[in-house]
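Read the structure below first, then the notes.
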Amino acid sequence: INCGDSQVVVFKNGEIAHISEEHTPTNMKERSRLAAKKVSYLKSASMKITSLTKMIGVNCEYVNFPNGTSLATTQALGHNGMTGIAPDIVTIPFEPSDVIKVVIGSDGLFDMIIKDENDRLVMEDVKLLGGMSGEDILKQTVNRWLQLWDIYTPEKPDQRAGTQTFTRDMCDDVSVVVINMKPF
């Protein structure tokens with residue numbers, strides 16, 4: 001139920017049962033899938049947060065499709081089917097007594113989840129989503145976007161380059177859907 005750089009987290013009885021992978025150039029399954037489409041990759045830059053106050057620049061890539069379109073995602077619902085859709089299917093067994101919560105969020109939400117040195121989501125930060133309402137997740141995410149950040153560059157990740165605040169028009173889109181499934 002996600003596509004591109006949106007993501008889904010499924011909680012089962014308060015514990016993380018599944019986190020989807022982004023459909024981006026860092027996903028090796030996606031790179032293999034796109035080989036037949038004759039895409040190329042363009043170097044770019046992005047950012048990640050590594051603590052509640054530290055944002056670091058990171059190198060990334062865009063997918064350049066043969067028609068000249070460049071996207072940060074390898075799958076997209078739009079663009080006239082150009083990217084193709086190859087859904088990941090995950091089955092999570094549950095019992096009638098289990099409580100399931102699904103959090104679906106845009107890249108703007110998951111950009112504000114702390115990542116480790118290997119660009120993986122930090123589970124302690126992801127787990128917080130399981131105890132929050134959709135409104136609270138949205139509020140936390142927007143507040144993180146708008147706070148004061150210590151900025152670091154990829155070349156000098158241990159030396160602060162300055163500080164940065166974002167205005168609302170500088171933030172990425174932030175959307176969230178929360179589905180609470182409770183037994184009868």
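Check each of the trypsin sites (Lys or Arg not before Pro) in segment 1-80 and keep only those in coil by DSSP with at most 10 other C-beta atoms within 10 angstrom; list them in order.
Passing both the DSSP loop test and the Cβ count: LYS38.
Under the criterion of Cα pairs below 8 Å and six or more residues apart, the relative contact order for the chain equals 26 percent. If you take all other residues with their beta carbon under 15 Å from the beta carbon of ASP150, and give Lys and Arg +1 and Asp and Glu -1, the sum is +4.
Placing a pseudo-label 7 Å from each Cα along the Cα-to-Cβ vector at THR91 and MET47 gives an inter-label distance of 4.3 nm. Between PHE184 and LEU77, what is the FRET efficiency for a Förster distance of 25 Å, r being their Cβ-Cβ separation, to the nearest 0.05? Computed FRET efficiency for PHE184 and LEU77 comes out at 0.15. Using a Gaussian network model of the chain in which every pair of alpha carbons under 10 angstrom is joined by a spring, one finds that among GLY131, GLY14, GLY68 the greatest mean-square fluctuation is at GLY68. Look at where the Cα atoms of segment 71-144 and of segment 1-44 average out, and the two centres are 10 Å apart.
Can you check how the C-alpha radius of gyration of segment 49-137 compares to 2.2 N^0.38 Å, as a plain ratio? For segment 49-137, the normalised Cα radius of gyration comes out at 1.39.
Which FRET efficiency value, to the nearest 0.05, is calculated for ASN143 and LYS37 with the Förster distance at 35 angstrom and r the Cβ-Cβ distance?
Plugging the Cβ-Cβ distance into 1/(1 + (r/R0)^6) gives 0.35.
Each of (1) 27, 25, 14; (2) 23, 18, 16; (3) 42, 22, 14 is a candidate for semi-axes √(5λ) of the Cα gyration tensor in Å; the one calculated from this structure is (1).
Computed from phi, the 3J(HN,Hα) profile of segment 167-182 under the Karplus parametrisation 6.51, -1.76, 1.60 (θ = phi - 60°) reads 8, 4, 6, 8, 6, 6, 4, 10, 9, 8, 10, 10, 10, 9, 10, 10 Hz, with x in place of Gly and Pro.
Counting only residues 5 or more places away or on other chains, whose amide H sits under 5 Å from the amide H of ASP5 once H atoms are built in the peptide plane? Residues meeting the amide H criterion: HIS23. Averaging the sequence gap over all C-alpha pairs within less than 8 Å and six or more residues apart, then dividing by the number of residues, gives segment 78-181 a relative contact order of 37 percent. Relative contact order of segment 1-106, please, whole-number percent, based on alpha carbon pairs below 8 angstrom and at least 6 residues apart. Relative CO of segment 1-106 lands at 35 percent. Accessible surface for segment 8-63, divided over its residues, is 54 Å² per residue with a 1.4 Å probe.
Quarter the surface of the alpha carbon convex hull of segment 12-92 and you get the mean projected area, 7.3 square nanometres. Per-residue ellipticity at 222 nm computed for the chain from its helices equals -4500 deg cm²/dmol, with DSSP H segments shorter than 4 residues left out and the rest contributing -39,500 (n - 2.57). Element breakdown for segment 119-168 at a 1.4 angstrom probe: carbon and sulfur atoms account for 50% of the accessible area.
The values are calculated or read from the model by the stated rules, or taken from the named source; none is laboratory data. Keep in mind it's a predicted model, so treat the numbers as computed, not measured. Because the Cβ atoms are built from the backbone with ideal geometry, glycine has one as well, and the counts that use them run over all protein chains shown. Please note that ligands, DNA and RNA were not included when accessible areas were found on the heavy atoms of the full protein model with its side chains. Shrake-Rupley method; radii C 1.70, N 1.55, O 1.52, S 1.80 Å.
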